1. Of everything in the range 54-67, what is at pLDDT below 95 and open to solvent by less than 10 Å² (accessible area, probe 1.4 Å)? Give them in sequence order.
2. Can you go through 186, 207 and tell me which one is open to solvent by 10 Å² or more (accessible area, probe 1.4 Å) and at pLDDT 95 or above?
3. Need pairs with beta-carbon distance below 9 Å; first residue part of a strand (DSSP E or B) and within the range 235-251, second of a type in the set (Lys, Arg); sequence gap 6+ or separate chains.
4. Take the range 97-149 and flag every residue that is touching a Ser or Thr at 6+ places or on another chain (Cβ under 6 Å), part of a loop (DSSP other than H, G, I, E, B) and among the aliphatic types (A, V, I, L, M).
5. State which residue pairs qualify: first residue touching a residue at least 40 places away in the same chain (Cβ under 8 Å) and inside the range 482-497, second residue open to solvent by 20 Å² or more (accessible area, probe 1.4 Å) and part of a helix (DSSP H, G or I) in any location, beta carbons under 6 Å apart, and separation of 6 or more residues or different chains.
6. Among the residues of the range 73-80, are any hydroxyl-bearing (Ser, Thr, Tyr) and open to solvent by less than 20 Å² (accessible area, probe 1.4 Å)?
7. Which residue pairs have Cβ atoms under 6 Å apart, sit 6 or more places apart or on different chains, and have a first residue in the range 375-403 that is in contact (Cβ under 8 Å) with a residue 12 or more places away in the chain and over 24 Å from residue 421 (Cβ atoms) and a second that is of a type in the set (D, E, K, R) and open to solvent by 20 Å² or more (accessible area, probe 1.4 Å)?
8. Any residue at all in the range 166-180 that's touching a residue at least 60 places away in the same chain (Cβ under 8 Å), loosely packed, with under 15 Cβ neighbours inside 10 Å and assigned to a helix (DSSP H, G or I)?
Amino acid sequence: MNRLKHRGPDWSGLYQHRDSYLAHQRLAIVDPASGDQPLFNEDKSVAVTVNGEIYNHEELRKKLVNHKFRTGSDCDVIAHLYEEYGEDFVDMLDGIFSFVLLDTRDNSFIVARDAIGVTSLYIGWGLDGSVWISSEMKGLNDDCEHFETFPPGHLYTSKSRGFRRWYNPPWFSESIPSVPYDPLVLRRAFENAVIKRLMTDVPFGVLLSGGLDSSLVASITARYLAGTKAAKQWGSQLHSFCVGLEGSPDLKAAKEVADYLGTVHHEFHFTVQDGIDAIEDVIYHIETYDVTTIRASTPMFLMSRKIKSLGVKMVISGEGSDEIFGGYLYFHKAPNKEELHRETCHKIKALHQYDCLRANKATSAWGLEARVPFLDIEFINVAMSIDPESKMIKKDQGRIEKWILRKAFDDEERPYLPKHILYRQKEQFSDGVGYSWIDGLKAHAAKNVTDKMMLNASYIFPHNTPTTKEAYYYRMIFERFFPQNSARLTVPGGASVACSTAKAVEWDVSWKNNLDPSGRAALGVHLSAYDAEAPLISNVPSKVIDSIPRMVEVPGVAIHT
């Protein structure tokens, strides 16, 4: 439990029945006074530990008229739903969740993870016949002979000793949809997704990078916050948070959006050296050696610590949009709508290994919860049912990446955002915090990984062999924390350009010689693309400039950054 205490510093709960143990570290967001876990049914024959939020819990409570609830926690419905419907209740839950449910009447248990994998979850098996479940790998890696990522949208039962997929949306088959694009339908679906995530009994805010996705989240939140329970408790003025190197693209754009929306804006600066110093902690918490995930997780990890120091416990973020709408810059080269749609399906299915993993663990490292409205299951159903021809990027028609999302919120009468923000080019988070961040990481790795070490990379790391010094550097750190073979198998691999799948690299022949997950690797697309003639790994150290210490003013708090 101590290894996971950072995720839930508010309360520790432990329950034992015969040879089964449920342990929980609570981060109290809804009903912080009485929602301690494990949670039980009326006679305590069913016990549950949950990480997540059930947004439709009030609606579900109305269906459970013959049940008495012990707490006001949104997760309290789970044990009662199981009593009423058995293990088939999982698809009734609208939210993000990982849970273990123990039925003491026959000493059986079930485990489930949310549809997309917004919450993290692992499963392991011990030599003694034990089964282990943990929100993070570090909770079970030393005790299991084999462990793996618990698949999103799946259920595991002790009776069957196997997995069953409970999440079966129409888009999962990857068949090409044909519903005509309706901007108002898409707009309303996303507004609903944001509004339902305002369910909180603690102070919260929005992560605002100044890009399209986070700016829309902030705009809708600011527009609908007044009149909510959260506004009555904590005020109707929204707090926004941004992180970046001094003078970075995100800081400038986020400040402009914050001023436009009237948020209380908190801007945090970090230096390249600050980020490099945090890399080991980041890899320990994020539990990956994937290059782009570590690049993006580090600023988010540093920012989350600052946010939590303000007393904020929940943030709303913009992950998932690029996967759903084909927003990454490499989608400019999608050859047809069929390829584009299949690529978006593959990207959504893999989110739990990348952006969801980053958003969940970089924030949870400091006892902060991230909510992601773009990954709302109802919104995904709407967005993925649209004829993908509408998602195709066509410069001659003025259609840039994520055009259908931009158009849906292009309201002349009641603008959501300034036009140039609404149509700002996609900037990956690890780029937007400042281009010298990635350049600095590469230079640091080049100092710590020699050419001789790279020659032996395939022998030292035969699985997912690192092909760059940066990747080799991260892999060394990861293997020190997680030396088991099961651990290295949890991390995906394969060629990528600008966050593409390996399949999409085939869309442009020039990309095969320019493999890098940065958006700037999309040659001929990104406005600040890498020089096509320059190697991606430079032996010339980046110039690192320490920012001048400054004070960020917050009501009642002063933060030295």
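The values are calculated or read from the model by the stated rules, or taken from the named source; none is laboratory data. For clarity, every value in this text was computed on a predicted model and none was experimentally measured. Methodologically, a virtual Cβ is constructed for each residue, glycine included, from the backbone with ideal geometry; neighbour enumeration extends over all protein chains shown. Areas reflect the complete protein model, heavy atoms only, side chains present, ligands, DNA and RNA absent. Shrake-Rupley method; radii C 1.70, N 1.55, O 1.52, S 1.80 Å.
1. Within the range 54-67, just 64 meets the criteria.
2. Only one candidate qualifies: 207.
3. Short answer, once both residue conditions are applied: 241/306; 242/255; 243/306; 244/252.
4. Selection gives 121, 140.
5. 492/353
6. yes
7. 388/337; 389/337
8. yes
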